[in-house]
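Undergrad: Quick one: the structure is below, questions incoming.
The values are calculated or read from the model by the stated rules, or taken from the named source; none is laboratory data. The model shown is predicted, which means the values in this text are computed figures rather than measured ones. When we count neighbours, we look across all protein chains shown, and the Cβ atoms used for this are built from the backbone with ideal geometry, even at glycine. Accessible surface areas use protein heavy atoms only, side chains included; no ligands, DNA or RNA. Shrake-Rupley method; radii C 1.70, N 1.55, O 1.52, S 1.80 Å.
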Amino acid sequence: MEEYILVEKGHPLAGEVQIEGAKNAVLPIMAASLLAKNNTIHLQRVPQLSDVETMAAVLSNLGAKVVRNGQHMHVEVPSILQTQTPEHLVSKMRASVLVMGALLALEGKVSVVLPGGCAIGSRPLDIHLRGFEALGATVQLSHGIIEASVDGRLQGAEFDLAFPSVGATENLMIAASRAEGKTILRGVAKEPEIIDLANFLNAMGAQIHGAGTDTIEIMGVETLTACEYEILPDRIEAGTFMIAAAITQGDVIIKNIIPDHLQPITAKLQQLGAKITIGDDWIGVQGNKDYQAIDIKTGPHPNFPTDMQSPMLAILLCADGVSTLTETIFENRFMHVEELNRMGAQIIVDGRTCIVTKQSLHGVRVKATDLRSAAGLVLAGLLADGETRIEKLYHLDRGYVDFVEKLQKLGAKISRHSS
Ligand code: EPZ
């Protein structure tokens, strides 16, 4: 059964929207929960997303018991864990590889099918694997299966990441938490989700310092214990609603967030011409009828986040002048451009840069190609004359909870159907 969204030119959105816990924080934290052997981890503010269900299935396949009750989740970790991650789940969600660090640290071995590339790029794991080797593991790759193992415990080491990979930083931080001795990771990712994972691990008794900076120091401990933890708010969901408010010239309060995590998006929306008000745990966005073209370049935090690239592209279509958007993280994250051009945009892709001019859009049938392009196409539909039909919604459901309902509550003319 194919589900699709119908959306029409948006009346100015108005009202308040509550933001969920962050997908990209809860997934590594769920993986790290495995470190609490013979203990139960309690997580609050867990978003109801298909990616979270997939990670729960991975943990269950490894022997943990995952119980959900609304936004609460608890993970009961047994004394012995399986070390083979289920192939069908890894190919469904590459974030499944985040269990490698915990399994290596606990059981001394792990085998994972090499996750293929995905729509947005090849997404290799070389930095993860070189890091595990630095910690004393032996890593072999044969017939598409990664086998990593270590005799005894991992050993603390110094390791420089070739690129500030979010997933590699997370996997290595988890592995080093239970290594023997001190680990120093340099050139690490500095995203807020990295800090949230470090805070979670420290709540379990880990000794991690420096998360959020270029260098993280970890003093390995023998055992990590139970804890209760609330996941940080989802800055990408929040940024998506900020753009929805601006694109419809609306007036929306985005609530239960950490405004500082939105700084790169706030700065760009202000530069465009939107009016932004910042509270302690909320941001107000008032749209404008005239926007000025801007230049955006994605990059590792604190630069403009790649996950906000496709939602942001939609609003550049309302800006006078010529805007550019350069994607520096993934090699193929412009597939939604073709769909936007079918709606009447005249975006030119020159290598890693999109050149965008103001165009009026008309609603047509479009297909989402990845999670963030799905959101970007909905935002474009709020701009387009007539009705836009967006298909392949399973992409959207990976990262947005009740996206249609939240937009409806703000006054959008949007509905979800199944054919
Ligand atoms: C995380 O993916 C996020 N996913 C992505 O969000 C996000 O786009 C990305 O970080 C960048 O911010 C989760 O947190 C679950 P990377 P990750 O390792 O960890 C290259 C979304 O929409 N690289 O920082 O896979 C890689 O090819 C998703 O929520 C290597 O070369 O991202 C890419 O070009 C999409 N070797 C770049 O680094 C490696 O070993 C960034 O990848 C690892 C990565």
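Undergrad: Note down the magnitude of the dipole of the range 315-419 about its Cα centre, charges +1 on Lys and Arg C-beta and -1 on Asp and Glu C-beta and zero elsewhere, to the nearest 20 debye.
TA: 240 debye
Undergrad: Given the chain, what percent of its DSSP beta bridges are antiparallel, to the nearest 5?
TA: Numbers: 55 of 79 bridges.
If we restrict to bridges inside the chain, about 70 percent are antiparallel.
Undergrad: Let me ask something additional. Apply 1/(1 + (r/R0)^6) to the Cβ-Cβ distance of Thr357 and Gln82, taking R0 = 51 Å, and write down the FRET efficiency to the nearest 0.05. Let's see the in-between values first.
TA: On the way: r = 54 Å, r/R0 = 1.06.
For Thr357 and Gln82, the calculated efficiency is 0.40.
Undergrad: Looking at the range 70-138 from every direction and averaging, what is the projected area of its Cα convex hull in nm²? The partial results should precede the final answer.
TA: Numbers: hull surface 24.7 nm².
Value for the range 70-138: 6.2 nm².
Undergrad: Something else: Report in % the part of the accessible area of the chain that belongs to carbon and sulfur, leaving out ligands and nucleic acids; probe 1.4 Å.
TA: 48 percent
Undergrad: Then there is this: Convert each backbone phi in the range 29-34 into a coupling constant with the Karplus relation 6.51 cos²θ - 1.76 cosθ + 1.60 (shift: θ = phi - 60°), then list the ³J(HN,Hα) values in order as whole Hz, x for Gly and Pro.
TA: Going residue by residue, I get 5, 4, 4, 5, 4, 4 Hz, with x marking Gly and Pro.
Undergrad: With r as the distance between the Cβ atoms of Asp350 and Gln207 and R0 = 45 Å, compute the FRET efficiency 1/(1 + (r/R0)^6) and round to 0.05. It would help to have the intermediate numbers written out before the result.
TA: Numbers: r = 47 Å, r/R0 = 1.06.
Working from the Cβ atoms, E equals 0.40.
Undergrad: Follow-up. At most 10 other C-beta atoms within 10 Å and a DSSP loop state: those are the exposed GluC sites (Glu not before Pro) I care about. Give me the longest piece of the chain that has none.
TA: 3-221
Undergrad: Distance check, please: which entries in Lys23/Lys406; Lys255/Lys297; Lys23/Lys268; Lys9/Lys268; Lys92/Lys413 exceed 29 angstrom between their Cα atoms?
TA: Listed pairs above 29 Å: Lys92/Lys413.
Undergrad: From the Cα trace of the chain, what convex hull volume per residue do you get, rounded to a whole Å³?
TA: Numbers: hull volume 52.2 nm³, N = 419.
Enclosed volume per residue, from the Cα hull, is 124 Å³.
Undergrad: Sort out for me the Cα centre separation of the range 301-360 from the range 243-283, rounded to whole Å.
TA: 19 Å
Undergrad: Per residue, how much accessible area does the chain show when a 1.4 Å probe rolls over the protein heavy atoms, in square angstrom?
TA: Numbers: 15680 Å² over 419 residues.
It amounts to 37 Å² per residue over the chain.
Undergrad: Another question, then. 7 Å from Cα along Cα→Cβ at both His72 and Glu387: what's the point-to-point distance in nm?
TA: Here the answer is 4.3 nm between the modelled labels.
Undergrad: If I take all pairs of Cα atoms in the range 175-246, what percentage of them are more than 16 Å from each other?
TA: In whole percent, the share of Cα-Cα pairs in the range 175-246 beyond 16 Å is 56.
Undergrad: Give me the tail of P(r) for the range 24-127 as a percent: Cα-Cα pairs with distance above 18 Å. List each step's numbers first, then the result.
TA: Details: 2338 of 5356 pairs.
For the range 24-127, the fraction of Cα-Cα distances above 18 Å is 44 percent.
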